[in-house]
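Novice: The structure that follows is given in the form of structure tokens.
The values are calculated or read from the model by the stated rules, or taken from the named source; none is laboratory data. Computed from a predicted model, the values in this text were never measured in an experiment. Positions of Cβ are generated from backbone atoms using ideal geometry, with glycine treated the same way; all protein chains shown enter the neighbour counts.
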């Protein structure tokens, strides 16, 4: 669900020091993998909502990625530093989204990128995100919660995936660098950057209100980069 800026409120409470820092990062060693999947073709007959996951071979270089999704506490530090815009929250349920260790949401794509640059990084490409997520053990997930009562949970509430990353699946979708578009080049690629331009950006990973078929490492969702969503947050990467 997206919330227009006109019905959002700024809501900053006093925070105590958080025991979890989104700036903690894990080194992901580069390598080859198969990006995409046959799920849409084999399970959904390439229906309109699921026809964009054509498998193809990709190589990515090593990179560092946040162990946790960026939290309200971490984002607030960027705001206090005079770099980030103030966080905005659902006007009816601000306290449900404003806990210090919850992933920050209602952040536009540009605001997420600004935060990552402040941390001397950027948002992950789709390829980097999927490579970090597509491992043997996916980790625990928070999902399938009704919008009226559900909300993100504090980051790190469940088991991490095989790379030591928390909440890769579920909790909140995560912004990526890439414009949304079909995989046009299915030949072997190195560090692909996605479509040159587009209308929407890709988010990955599913969220607290997603159904199970959206919690897949290859699932791709298009979101308007200028809108704010209760189920979209982010994590940052930096080159090795």
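Novice: Report, by residue number, each residue of the stretch 185-212 that is more than 15 Å from residue 172 (Cβ to Cβ) and either in a strand (DSSP E or B) or free of Cβ contacts under 8 Å to residues at least 40 places away in the same chain (or both).
Specialist: 189, 190, 195, 196, 197, 198, 199, 200
Novice: For the stretch 14-31, which positions are touching a helix residue (DSSP H, G or I) at 6+ places or on another chain (Cβ under 8 Å), farther than 30 Å from residue 185 by Cα and modelled with pLDDT of 55 or more?
Specialist: Of everything in the stretch 14-31, those that are touching a helix residue (DSSP H, G or I) at 6+ places or on another chain (Cβ under 8 Å), farther than 30 Å from residue 185 by Cα and modelled with pLDDT of 55 or more turn out to be 21, 22, 23.
Novice: Can you report the number of residues in the stretch 141-159 which are in contact (Cβ under 8 Å) with a residue 24 or more places away in the chain and either surrounded by fewer than 22 Cβ atoms within 10 Å (Cβ to Cβ) or out of contact with any strand residue (DSSP E or B) (no Cβ under 7 Å at 6 or more places or on another chain) (or both)?
Specialist: Quick first cut of the stretch 141-159, residues in contact (Cβ under 8 Å) with a residue 24 or more places away in the chain only: 141-147, 150-156.
Still in the list and also either surrounded by fewer than 22 Cβ atoms within 10 Å (Cβ to Cβ) or out of contact with any strand residue (DSSP E or B) (no Cβ under 7 Å at 6 or more places or on another chain) (or both): 141-147, 150-151, 153-154, 156.
Residues meeting the conditions: 12.
Novice: Hey, another quick one. Based on this model, can you work out whether residue 109 counts as closer than 21 Å to residue 225 by Cα and touching a helix residue (DSSP H, G or I) at 6+ places or on another chain (Cβ under 6 Å)? Walk me through how you get there before you give the answer.
Specialist: Values: closer than 21 Å to residue 225 by Cα: yes; touching a helix residue (DSSP H, G or I) at 6+ places or on another chain (Cβ under 6 Å): no.
Considered against the rule, which asks whether it is closer than 21 Å to residue 225 by Cα and touching a helix residue (DSSP H, G or I) at 6+ places or on another chain (Cβ under 6 Å), residue 109 comes out as no.
Novice: How many residues does the stretch 109-136 hold that are within 18 Å of residue 30 (Cα to Cα) and part of a loop (DSSP other than H, G, I, E, B)? Write out each step before concluding.
Specialist: Step one: list which residues in the stretch 109-136 are within 18 Å of residue 30 (Cα to Cα), which gives 121-136.
Among the residues that remain, those that are also part of a loop (DSSP other than H, G, I, E, B) are: 121, 123-125, 134-136.
Residues flagged as within 18 Å of residue 30 (Cα to Cα) and part of a loop (DSSP other than H, G, I, E, B) within the stretch 109-136 amount to 7.
Novice: Examine the stretch 32-43 for a residue that is at pLDDT 95 or above, over 21 Å from the mean Cα position of the chain (by Cα) and not in a strand (DSSP E or B), and state whether such a residue exists.
Specialist: Checked against the condition, which is being at pLDDT 95 or above, over 21 Å from the mean Cα position of the chain (by Cα) and not in a strand (DSSP E or B), the stretch 32-43 yields no hits at all.
Novice: So which of 89, 80, 27 is more than 20 Å from the chain's Cα centre (by Cα) and at negative phi?
Specialist: Exactly one of 89, 80, 27 is more than 20 Å from the chain's Cα centre (by Cα) and at negative phi, namely 80.
Novice: While we're here: Please pick out the residue among 170, 181, 233 that is buried (at least 20 other Cβ atoms within 10 Å of the Cβ) and in contact with a strand residue (DSSP E or B) (Cβ under 8 Å, 6 or more places away or on another chain). Walk me through it before giving the result.
Specialist: Details: 170 fails: in contact with a strand residue (DSSP E or B) (Cβ under 8 Å, 6 or more places away or on another chain); 181 fails: buried (at least 20 other Cβ atoms within 10 Å of the Cβ).
Answer to the selection: 233.
Novice: Next question. Consider the stretch 70-89. How many of its residues are part of a strand (DSSP E or B) and either at pLDDT 95 or above or in contact with a strand residue (DSSP E or B) (Cβ under 6 Å, 6 or more places away or on another chain) (or both)? Break it down stepwise before answering.
Specialist: The initial filter retains those residues of the stretch 70-89 that are part of a strand (DSSP E or B), namely 71, 88-89.
Filter once more, so that each one left must be either at pLDDT 95 or above or in contact with a strand residue (DSSP E or B) (Cβ under 6 Å, 6 or more places away or on another chain) (or both): 71, 88.
So the answer is 2.
Novice: Within the stretch 54-63, is there a residue that is in a loop (DSSP other than H, G, I, E, B), exposed (fewer than 14 other Cβ atoms within 10 Å of the Cβ), modelled with pLDDT under 95 and at negative phi?
Specialist: So far as the stretch 54-63 goes, no, none of its residues is in a loop (DSSP other than H, G, I, E, B), exposed (fewer than 14 other Cβ atoms within 10 Å of the Cβ), modelled with pLDDT under 95 and at negative phi.
Novice: How many residues are part of a loop (DSSP other than H, G, I, E, B) and either at negative phi or within 14 Å of the chain's Cα centre (by Cα) (or both) when one looks only at the stretch 152-180?
Specialist: So in the stretch 152-180, the residues part of a loop (DSSP other than H, G, I, E, B) come out as 152-172, 180.
If we keep only those that are either at negative phi or within 14 Å of the chain's Cα centre (by Cα) (or both) as well, we get 152-155, 157-163, 165-172, 180.
The number of residues fulfilling the criteria is 20.
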